[in-house]
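Student: Sending over a structure as structure tokens; questions will come in a sec.
The values are calculated or read from the model by the stated rules, or taken from the named source; none is laboratory data. The model shown is predicted, which means the values in this text are computed figures rather than measured ones. Methodologically, a virtual Cβ is constructed for each residue, glycine included, from the backbone with ideal geometry; neighbour enumeration extends over all protein chains shown.
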Amino acid sequence: MDSLDQESVELFATLSKTEPWRLQRHYFPSKLGGFPSWLDPVHLPSESELKCDKCSSILTFVLQVYAPDELSEDDMAFHRTVFLFVCQPCGNRWKAFRSQLPRKNDYYDFHPLEDNITIADSEIAKRCCLACGLPSENVAKEPLPELTGMKIQLMDDEEHRELHERCKIAVVHKTLKATLEEWNLNICEGEIPVTANYLSHEKSLYKKYLMEKKSNGDVMDESEEQAFESIQEENMILDKSFKKFCKKTTPNEVLYYSREGEPLWLSDKTKRPVISGLEKTMESKSENSMADESDTSNIGYEDEQTIIPPCENCGSVRSFEFQVLPQILHYLKSDRIDFGSISVYTCSKSCKIENKYQKEVVFMEKDYSLIPKKTTIS
């Protein structure tokens, strides 16, 4: 995805299957699931950085968005990718990391690679868990377990890293997924035209949500379902934010991109985050007793912190970059992961980062439309 006018362009993404070679890091993909296609193949995040700050479980790679910034200082973000991860056991703890490189770098040719070339990333594989593709600090002391039916990193020898505890559970018991199903993210420009029946797709979505709730064992009887659907009708009529969301998205769209824009909030009830500069953020933190100063990577409805802190690397304010839409839940196929939407805020300057992946900020929005009000079912 090329850098465009950040004030006027809105981009939407859908999912599709594609040839595996297109999702390799050398082709700078935007994608969902599978292994991360690490932009910087050498200075990967540490295993500890990719652990949940709440339960210490290794995170799961969700998606990455390739978004070069042509306005970055000294062309330091000619290649630029933002990576998003989630904790499966918790279901609502997220982390985002930004990686970027100048056009002239040690890892990629100055000119694009020809199509349909497969390159084995054996050096990355030697440093990562073979089941999930995330870094693992310990060399395995036992033989590689059977990974039948699971995608694994390409290897050119027998040396491998130890599987994370969560990945061992995924391999043996199948109760957690080591990776999500892999899809290509197709990002295109432009708003979706508004039609007379623009709410119909949301009604369809809610029915899909209800069916999936039933398949997960959370079954409603007929009277409860009728009351639930009537609540959704009321929400669609009364909630201006939700109506706007319905107008601008379709059931097939899973991601909204608008650098320095605003998220498409799901509800008027959502407590919007406040984007703050360095001095204001520090002042606000001291006044906000509910803020978790030890972890600003994942904020939102759980701890009610609403300050988007400045970039820790350069001090510049962060700005909204992209939003994961609730439609993506259908493709995640996980009864553990739940949210209204996920908004990612990144350094507005795309500041220079050397030999690391820069942690950015994730804001979780609750799905108020699926929370019934107190009502009497007769």
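Student: Among the residues of segment 263-272 satisfying the criterion of being of a type outside the set (A, V, I, L, M) and modelled with pLDDT of 95 or more, which is surrounded by the fewest Cβ atoms within 10 Å (Cβ to Cβ)?
Tutor: W265
Student: Quick test for you: out of I337, I299, I328, pick the one residue that is β-branched (V, I, T), over 22 Å from G261 (Cα atoms) and either in a helix (DSSP H, G or I) or modelled with pLDDT of 65 or more (or both).
Tutor: Of the residues listed, the single one that is β-branched (V, I, T), over 22 Å from G261 (Cα atoms) and either in a helix (DSSP H, G or I) or modelled with pLDDT of 65 or more (or both) is I337.
Student: Go through (1) within 15 Å of the chain's Cα centre (by Cα); (2) surrounded by fewer than 22 Cβ atoms within 10 Å (Cβ to Cβ) and name the single condition S316 misses.
Tutor: For S316, the exception is condition (1).
Student: Take E114 and tell me if it is at pLDDT 90 or above, surrounded by fewer than 17 Cβ atoms within 10 Å (Cβ to Cβ) and part of a loop (DSSP other than H, G, I, E, B).
Tutor: yes
Student: Return the total of residues in segment 89-124 being hydrophobic (A, V, I, L, M, F, W, C), free of Cβ contacts under 8 Å to residues at least 40 places away in the same chain and touching a strand residue (DSSP E or B) at 6+ places or on another chain (Cβ under 9 Å).
Tutor: Here the count works out to 0.
Student: Exactly one of (1) outside any strand (DSSP E or B); (2) more than 23 Å from T249 (Cβ to Cβ) is unmet by N92. Its number?
Tutor: So N92 meets the others, but not (2).
Student: Would you confirm whether any residue within segment 59-73 is under 19 Å from E137 (Cα atoms), outside any strand (DSSP E or B), modelled with pLDDT of 95 or more and out of contact with any Ser or Thr (no Cβ under 7 Å at 6 or more places or on another chain)? Spell out the reasoning first.
Tutor: Filtering segment 59-73 down to residues under 19 Å from E137 (Cα atoms) leaves 59-61.
Right, trim to outside any strand (DSSP E or B) and you get 59.
Adding the requirement that they be modelled with pLDDT of 95 or more leaves 59.
Add one more test, that the residue is out of contact with any Ser or Thr (no Cβ under 7 Å at 6 or more places or on another chain), and what stays is 59.
Among the residues of segment 59-73, at least one is under 19 Å from E137 (Cα atoms), outside any strand (DSSP E or B), modelled with pLDDT of 95 or more and out of contact with any Ser or Thr (no Cβ under 7 Å at 6 or more places or on another chain), which makes the answer yes.
Student: State whether one or more residues within segment 78-88 are farther than 30 Å from M364 by Cα and either part of a strand (DSSP E or B) or touching a residue at least 24 places away in the same chain (Cβ under 8 Å) (or both).
Tutor: So the first thing to find is which residues in segment 78-88 are farther than 30 Å from M364 by Cα, and the list is none.
No, the conditions are met nowhere in segment 78-88.
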